[in-house]
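Here the structure comes first, spelled out in structure tokens, and everything after it is commentary.
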Amino acid sequence: MTPPPVAGGSYVALIGLGSNQGDRPLFIRKALTALAHSTRCRLVAISPLYQSDPVGNPNDPNPYLNAVCRLETDLSARQTLDRLLDIEKSLGRVRRERWGPRTIDLDLLFVGDKIVEESGLTLPHPLATQRSFVLEPATQIDPEFRDPISDSPLHEIRNSLRTRGDWTPLQRLDFPMPQELTSRQEIRQFIQTSREKGQTVGFVPTMGYLHEGHASLLRQARLENDLVILSIYINPLQFGPEEDFEQYPRDKKKDFELARETGTDAILTLSEEPMYSPEHATYVEVKELTDHLCGASRPGHFRGVTTIVTKLFGLVSPDRAYFGQKDAQQAIILRRMTIDLEMNTKIRILPIVRESDGLALSSRNVYLDEKQRQEALGLHRSLLRAQELVASGERCTETIDSAVRDILNTCDGAQIDYIGLVDSQTLQPVERLERETLLALAVHFGRTRLIDNTLLTPLA
Ligand code: PAF
């Protein structure tokens, strides 16, 4: 069976979105944005858009746009349904006839393994396993999710529906390839045009070799902005002399394809011009926050990061910029920098994305051989152990440190760089957990240095 609660007592809910009236992509986007901003909900995945002819009403000729999203929530099923009805209402949906045209239709398809039959609430949704426009997008984002009635994973149900020929044809609507911005002139032109149209800009700076962690940033940026710009630049300034600048993995074609799937509008590569001119003489340095953790192990690293991010913000002037919690220290330093330097960019920090076995996604995972990759699972295991200790009332950081160290020491080939227990705002080391504390790890496996972290909140 699908395990019902995910971490923290939340449930996975799959929600179907459909529209066949007005600006259909806009309605779907607005509904997704409303879900992304809903309290006690975390929007974790959104399927591609699919178009299909309407089913059930011959007087309604407009094709439908459909998508499915995955939400993690600790709301009850009834509360989640009420949330969906509120969003429909706020987007002008009037429920008149069952098969009538819809500006926006939000269906609660599944909530974990719940089976419910109450007035106005049936779970799973009766159509969840019968309609191609639900099953196909749902399978795209959660193929292993099990229908609690048949106990079969969605991909099997989809395949058997297809084999039976019980399948309404669907057209997947792919986003166009993003425009590559190769020079300062092209970037400025692109930004100026968008500003003249009053469009907001979401920006995701990266060093390329994109993975699902980057994709989650791009998808969130897509939800919250009119335009999404990605940058790909391997910044020499943030690598130490013995580090992997030369070997850093690159795959431009794959990066462009993943960016296209997320609806990214433009990719800044600046491939026609050097990022740093020979006269470059300005560096940005954030004090104190850079003293510990990676700041101590990698001297000059954050100076390189803050300098390049300032330059990129200068080129793009984003309304929002997106970073991963995986680089927790980087995110906090960049937020401080934007505040201190009066920058008009809001820093958005999104959760760590992990493989199903717990390994945090990183471009550097590609360096690991099979054995190292297996041993590297100890990082996540040790973070979970720390969470367990804190959940059982432990507040002494020495005890937590030694429990984490014990686990990491059982990982063959692991060389601990640091185990840091620091205040989650100031990044100063703490002795006792009084407030939210960041537990951050850096561990070498052979020549590969991996980082991971979790936030620990002491019991009240
Ligand atoms: O997180 C990264 O990939 C880099 O540090 C960043 C923010 C793109 C700066 O080069």
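What follows draws every value from the coordinates through simple rules; no lab data is involved. Given the structure is predicted, the values throughout are model-derived calculations rather than measurements. For neighbour counting, all protein chains shown are included, and Cβ atoms are generated from backbone atoms with ideal geometry for every residue, glycine included.
Quick notes on this one:
- Stretched out straight at 0.36 nm per residue, the stretch from Arg250 to Arg354 would grow longer than its current Cα-Cα span by 35.4 nm.
- Taking the C-alpha atoms of the chain, convex hull volume expressed per residue in Å³: 168 Å³
- Other residues lying with their Cβ under 10 Å from the Cβ of Val68 contribute a combined charge of -2, Lys and Arg counting +1, Asp and Glu -1.
- Under the Debye formula (equal points on every Cα, no solvent term), log10 I(q)/I(0) of region 205-305 at q = 0.10, 0.19, 0.20, 0.21 Å⁻¹: -0.35, -1.08, -1.13, -1.16
- Rg/Rg_ref, region 86-195, where Rg_ref = 2.2 N^0.38 Å and atoms are Cα: 1.52
- Region 313-460: C-alpha gyration tensor shape, a/c 1.5 cut-off, then a/b vs b/c: oblate
- A straight line joining the Cα centroids of region 208-251 and region 147-177 runs 33 Å.
- Normalised convex hull volume, region 29-84, alpha-carbon set, Å³ per residue: 102 Å³
- Computed over region 380-453, Kirkwood Rh from alpha-carbon pairs, angstrom: 12.5 Å
- Global form of region 268-350, assessed from the alpha-carbon gyration tensor, a/c cut-off 1.5: oblate
- Along each principal axis, Cα extent of region 414-460, largest first, Å: 40, 17, 15
- Among Glu246, Glu272, sorting on how many other beta-carbon atoms sit within 10 Å of each Cβ, with the fewest leading, yields Glu246, Glu272.
- Within the chain, percent of DSSP bridges classed antiparallel, to nearest 5: 75 percent
- Order by protection proxy (mean Cβ within 10 Å, highest first), peptides 368-376, 102-110: 102-110, 368-376
- For Thr264, neighbours were defined as the other residues whose beta-carbon sits under 13 Å from its Cβ, and their charges (Lys and Arg +1, Asp and Glu -1) total -4.
- For the chain, relative contact order (Cα pairs under 8 Å, six or more residues apart, normalised by length) works out to 11 percent.
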